[in-house]
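The values are calculated or read from the model by the stated rules, or taken from the named source; none is laboratory data. Quantities reported herein were computed from a predicted structural model and do not represent experimental measurements. For neighbour counting, all protein chains shown are included, and Cβ atoms are generated from backbone atoms with ideal geometry for every residue, glycine included.
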Amino acid sequence: MADEEKELQSQEAPAEGSRGEHGEKQRPARRTRTPKKEEAPGPHDTLEDLPGELARAVERIRAGLPGVEVRGRRDHWLEIRTEPSRWVEVATFLRDDPELRFDYLALLTGIDRLDDGFEVVVHLNALTSNLRLILRTQVPREEPVCPTLTGVWPGANWHEREAYDLLGIRFEGHPDLRRILLKEDWVGHPLRKDYIDRRPPRKIQVKADWERRA
Amino acid sequence: MATTSPPAQAPDVRVVPDEQDRSSSHLYVSMGPQHPSTHGVLRLKARIDGERIVDVDPDIGYLHRCFEKHSEQLTYPQIVPYTDRCDYLAAINNELTFALAVEKLLGLEVPPRAQYLRVITMELQRIASHLIAFGTFAMDLGATTAFLYCWRERESIINLLEEISGARMLFHYVRIGGVRNDVTDDWLRRVRAFVDDFISDKLPQYHRLITGNRLFVRRTKGIAVLTPEDAIAWGAAGPVLRGSGVARDLRKVEPYCGIEKYDFNVPVGENGDVFDRYMVRMLEMEESAKIIKQALEGIEAGDVMATLPRRWKVEGETYVRTEGPKGEVGCYLVGDGSDKPYRLHWRAPSFVHLQLIPVISKGLLIADLVAVIGSLDPVFGEVDR
C-alpha cells in the first residue's frame, strides 16, 4: 500500500500550458483509487496476550480437554470449537470443573452456513468468576444431528426446540423435541436460507354489500 | 373460491393424540391462548387433579412474526423498529441492545450526551415496565385498584417519552450511533419532577396498598419457590434470578452506556417465591429512580448522534446483552460484510423463563398458577418474536 502512494506521488505535474498529443490540456494525474483504510479488528478476532484469568482458564481447558481448540477473543470471550461427538463431554467438563464452573447457559442457537452445514453456538457464563465462553460445533447439512445439552444444562431445553423448529437441527436425547413456535403440522424449517414457502395461496373474494345482493 | 389442498405431512413429525388417562380423575384443561390472566397469548395445557396442577405444558408461538427471518433482508437501521416490537412494554431496552451490538461490530463511539439520554430513557422504561408487572400481577390476584395506579404513573412516563420521540409505546428513539434527537432542559426538569413525586408519594402508596396486605401475602409467600441452583441451571435472569437470591445484574457485571458511574443497589430476594420476585421489582423501581436523578445531574452538552458510515459493511460476530426489566435481553448478531445481517438471534428473557412454569408449579392450585405467570412477567412479543 505504501508503494502505491509513492508511485502516485512520483508522477510529476506537467508544465503549465502544455498540451498532450491530441491537444488536450495536461493535468496532474489524479489518484484513481483511494487507499484502503486499515481493517480494524473486530470483537471476534483472536486476542494474543490474554489477561490473567482468561489465560489461566485457557490453560485449564487445554489440560482437561486435550485436542480441543480454544482461543480467546478480543471481546474477552473464550471460544471452543469441537465436533458433535465430543459435545457432551466438553460441556460436562466445562460445567463440573471446580475452577471453571460454567453453570449458566445464556443462549443456544443455530446458524445456517449453507454448504458448511449448520453451526450450533452456545454461550456460557461462569457466575462466580464472570468468565464467558462460546462453544461451537458444525453439523452436516444432509444429517443435522447434534447431541442434546439438556442433561448438562436443563435450560437448553427450549433453545434446542427452537433450533429444531426453525432450522431443522435434531438434538439426540432431547426429552421432548417438537416444534415450539410454529404449528405442529408445519412442513419445513423457515430460518434455513433455502426455505421456500410452499403453502398454497388463499383466494379470498371480498364483495361489497351491493355486489352480493345483485 | 378455489379449494386448497392440505399441506403434505412432514415425515419427521408424529402427531400424537393427547393421551387421556381415563382411569384417574385428572382433567386436561387448556388455559388460553385467549385468557385474561396469561399476560398475552399463552396456552397452558394443564393436567389437573381437582384444583391441583399435576403437570403444565406451555404452548407458545401465537405471536410469532418471523422477526429473525425478516431481519436477514433488512438493513441495520431498518431493523431497529422491529426490535421495539419484541418486548413491546420495554421498547427502549430492546433498541439499546440491538444498537449496542451493531455499534460494537462497527466500532462506533456514541457521544456522551447520547449515553446519558440512553440511560435516562432506559431507566424510565424500566420503571414503566415494572409498573405493568406490578399492576397486572396485582389485578390477576384480585386487586384491581393497583391496575389503575400503574396506568396513572405509566401515563406520565409515556407523555414524557412521547415528547421526545413522538410515540407512546414503540419509541424508535435509541438508534444505532446515538439517540434520535436532543431534549430540552425543560424536559429534563419535568423528568426530575416526575421521579421525585414517584419516589416520595406514589411508591409508598403501592406499598401501603399491596405489599403489606394480608391477603396478598397469603397468596404469594411460599408459592412456587425457585431454588438458586434451579434458577441458574435453567438460565433465569433478571428479577426471577435475583428473587432466588443470586445477586447478578448485568449493569454491574457487564456495564454499558456508562452505567458503572452511577451508584445504585441491586435488590435480591431470599426465598425465591412469588412474593420475593414481586418485591425485587418494586425495589428496582426505586433504584432506577436513583439512577435517573444521577444522570440528570451529570448530563453534559453535546451531540446526540455519532457519524454513521456512508456504506454499512458490518463484519463479524458478537453477542451483546443488557439488563432489561424482564431479565437478560441478548442480541446475537452475525454480519457478513454487507449491510444486512447474516443471522440475528434475539435472546428473550421471557422465552427462557416460561420453561420454568412446569418446574415450579407442580402441586399448586390453578389460582396460584396465575400468580406464577405474573411473577415471571412474560411478554409475548419477545417470547415468540
Find the residue count for segment A:100-112, including only residues that are among the charged types (D, E, K, R) and more than 9 Å from chain B (Cβ to nearest Cβ).
1
Any hit, segment A:189-205, residues being touching a Ser or Thr at 6+ places or on another chain (Cβ under 7 Å) and either among the small types (Gly, Ala, Ser) or crowded, with 18+ Cβ neighbours inside 10 Å (or both)
no
With the first residue restricted to segment A:186-214 and required to be more than 25 Å from A:Ala163 (Cα to Cα), and the second required to be among the polar types (S, T, N, Q) and surrounded by fewer than 10 Cβ atoms within 10 Å (Cβ to Cβ), Cβ contacts under 8 Å at 6 or more apart or on different chains are A:Pro200/B:Ser5
Among (1) surrounded by fewer than 24 Cβ atoms within 10 Å (Cβ to Cβ); (2) assigned to a helix (DSSP H, G or I), where does B:Leu108 come up short?
(2)
Scan of segment A:123-169 for residues that are more than 19 Å from the chain's Cα centre (by Cα), at the interface with chain B (Cβ under 9 Å from one of its Cβ atoms) and more than 29 Å from A:Pro51 (Cβ to Cβ), ordered by number
A:Pro154, A:Asn157, A:Trp158
Residues of segment B:197-217 that turn out to be in contact (Cβ under 8 Å) with a residue 24 or more places away in the chain and within 15 Å of B:Met279 (Cα to Cα), as a count:
10
Exactly one of these conditions fails for A:Arg212: (1) assigned to a helix (DSSP H, G or I); (2) surrounded by fewer than 18 Cβ atoms within 10 Å (Cβ to Cβ); (3) within 12 Å of chain B (Cβ to nearest Cβ); (4) not aromatic (Phe, Trp, Tyr). Give me its number.
(3)
What are the residues in segment B:344-366 that are among the small types (Gly, Ala, Ser), closer than 30 Å to B:Lys69 by Cα and outside any helix (DSSP H, G or I), if any?
B:Ala348
Please verify whether B:Leu105 is within 14 Å of chain A (Cβ to nearest Cβ), under 30 Å from A:Tyr195 (Cα atoms) and of a type in the set (A, V, I, L, M), treating the condition exactly as stated.
yes
If you check B:Val383, B:Val370, which single one turns out to be more than 13 Å from every other protein chain (Cβ to nearest Cβ) and not hydroxyl-bearing (Ser, Thr, Tyr)?
B:Val370
Qualifying helices (runs of 4 or more DSSP H) (wholly inside segment B:152-261; at least 1 residues being away from chain A (no Cβ under 14 Å)):
B:185-197, B:203-206, B:214-220, B:239-243
Given (1) modelled with pLDDT under 90; (2) farther than 16 Å from B:Gly272 by Cα, B:Ala224 misses just (2)
Can you confirm whether B:Thr38 is assigned to a loop (DSSP other than H, G, I, E, B) and modelled with pLDDT under 60?
no
Looking only at segment B:166-187, which residues are of a type in the set (Gly, Ala, Ser) and either in contact with a Pro (Cβ under 7 Å, 6 or more places away or on another chain) or surrounded by fewer than 20 Cβ atoms within 10 Å (Cβ to Cβ) (or both)?
B:Gly166, B:Ala167, B:Gly178
Qualifying positions in segment B:142-151 - in a loop (DSSP other than H, G, I, E, B) and crowded, with 16+ Cβ neighbours inside 10 Å:
B:Ala143
Quick one: A:Phe171 ticks every box in (1) of a type outside the set (A, V, I, L, M); (2) in contact with a strand residue (DSSP E or B) (Cβ under 7 Å, 6 or more places away or on another chain); (3) surrounded by fewer than 22 Cβ atoms within 10 Å (Cβ to Cβ) except a single one, so which number is it?
(3)
Please go through segment B:306-342 and give me each residue that is in contact with a His (Cβ under 7 Å, 6 or more places away or on another chain) and part of a strand (DSSP E or B), ordered by number.
B:Gly316, B:Glu317, B:Thr318, B:Tyr319, B:Tyr332
Does B:Arg311 count as out of contact with any strand residue (DSSP E or B) (no Cβ under 8 Å at 6 or more places or on another chain), touching a residue at least 12 places away in the same chain (Cβ under 8 Å), within 14 Å of another protein chain (Cβ to nearest Cβ) and more than 28 Å from B:Ala138 (Cα to Cα)?
yes
